[in-house]
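Worksheet: the structure to be examined is printed underneath.
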């Protein structure tokens, strides 16, 4: 979470530029460590040396509420080891006033009533929970807004945890961006009945899309339309890319597409087909694409194969070479075979290897278990 300094901090505190958002106006920075805080953290088995190294300034703050934080987490079912882990990773939590912490627990439990689940969220996203009390009203308003969109509580909880900035800012900003996304979806032919599911997928896969200026989305869609993508294709891209379309800009896409077309020697139509199969082509830097294309060609893979299966460009050169070694050991000739066997996650690739092994070991004819034609 972006750390801000409260305007009401004393002048002495304001000179410390790295102080986090949770520091209260009444907190004071001392040249000596707050021994009560240090001892309380020791008692909770917190890694003090790690705290000193990464967030040593916290130990100089007074007052601190170490015991109160531990009690709150313990009341929610957190074990001693989890409490120690949270305070080690995010010691700033001890600067939250007890009333503020109780208000946050009540707020979060309005969308995550299971305390065990909430403890797990705090363990993984402590900065999202221990936030400034000045954001409480905005958080409430944003929760109400996303509930009005009929998003389920699990989705809202995930958004609050992974993109807390979206909930700390005025609700009007999120309303504008969501409205822009919905408008783009319907203008591109998206069905109203599928709007909720589409929006949920987009927000969960890239919650930071809410923080982007709405005009960025419009500019990118206009650029892609000018490059010849049809309305239906733009909808497919918007759905495939989820929120990534807002991470791009026309200049970067123009450079990347021009490089890809020159490197592949393909037509504009072939380039569009490649993008539809592999949207990553829109946002990979030219240097990355250059390295991967060079590596594929050096491995004996042809340009026509890459054009046919551009998703292979999502793999690093190291991964491609490693997988090629394993495939050659199975007797697979990548120069004449499909590149599909290279694609996917590690699990997908292992499955592909297993199928190749079965084909190699299976007898040409078995009257009891004949070969299937789709093998």
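Derivation of every value follows stated rules applied to the coordinates shown; laboratory data play no part. Given the structure is predicted, the values throughout are model-derived calculations rather than measurements. Don't worry about glycine lacking a Cβ; one is built from the backbone with ideal geometry, like all the others, and counts go over all protein chains shown.
Quick notes on this structure:
- Cα gyration tensor shape for the stretch 63-124, rounded if a/c is under 1.5, else prolate or oblate: oblate
- Inter-label distance, nm, simple model (7 Å from Cα along the C-beta direction), residue 81/residue 109: 2.6 nm
- Pairwise centroid distance, computed over Cα atoms, of the stretch 69-141 with the stretch 188-214, Å: 28 Å
- Segment residue 137..residue 283, full-extension length gain: 48.9 nm, with 0.36 nm per residue of separation and the alpha-carbon distance subtracted.
- Rounded to whole Å, sorted largest first: equivalent-ellipsoid semi-axes of the stretch 154-214, Cα gyration tensor: 20, 14, 8
- Treating each Cα of the stretch 218-327 as one equal point scatterer and applying the Debye formula with no solvent, the log10 of I(q)/I(0) at q = 0.10, 0.21 Å⁻¹ comes out as -0.28, -1.13.
- The calculated FRET efficiency for the pair residue 194 and residue 321, based on their C-beta separation and a Förster distance of 30 Å, comes to about 0.15.
- Radius of gyration, Dmax [the stretch 122-242; alpha carbons; angstrom]: 15.3, 49
- Packing rank of 245-255, 223-233, where each peptide gets the mean count of other beta carbons within 10 Å, highest leading: 245-255, 223-233
- Estimated at 0.36 nm per residue, the fully extended path between residue 175 and residue 254 surpasses their Cα-Cα distance by 25.4 nm.
- Projected label distance in nm at residue 212 and residue 303, using a 7 Å step from Cα toward the beta-carbon: 3.1 nm
- With R₀ fixed at 56 Å, the C-beta to C-beta distance from residue 116 to residue 186 puts the FRET efficiency at about 0.90.
- Taken along the Cα-to-beta-carbon direction at a fixed 7 Å, the label points for residue 62 and residue 270 span 7.4 nm.
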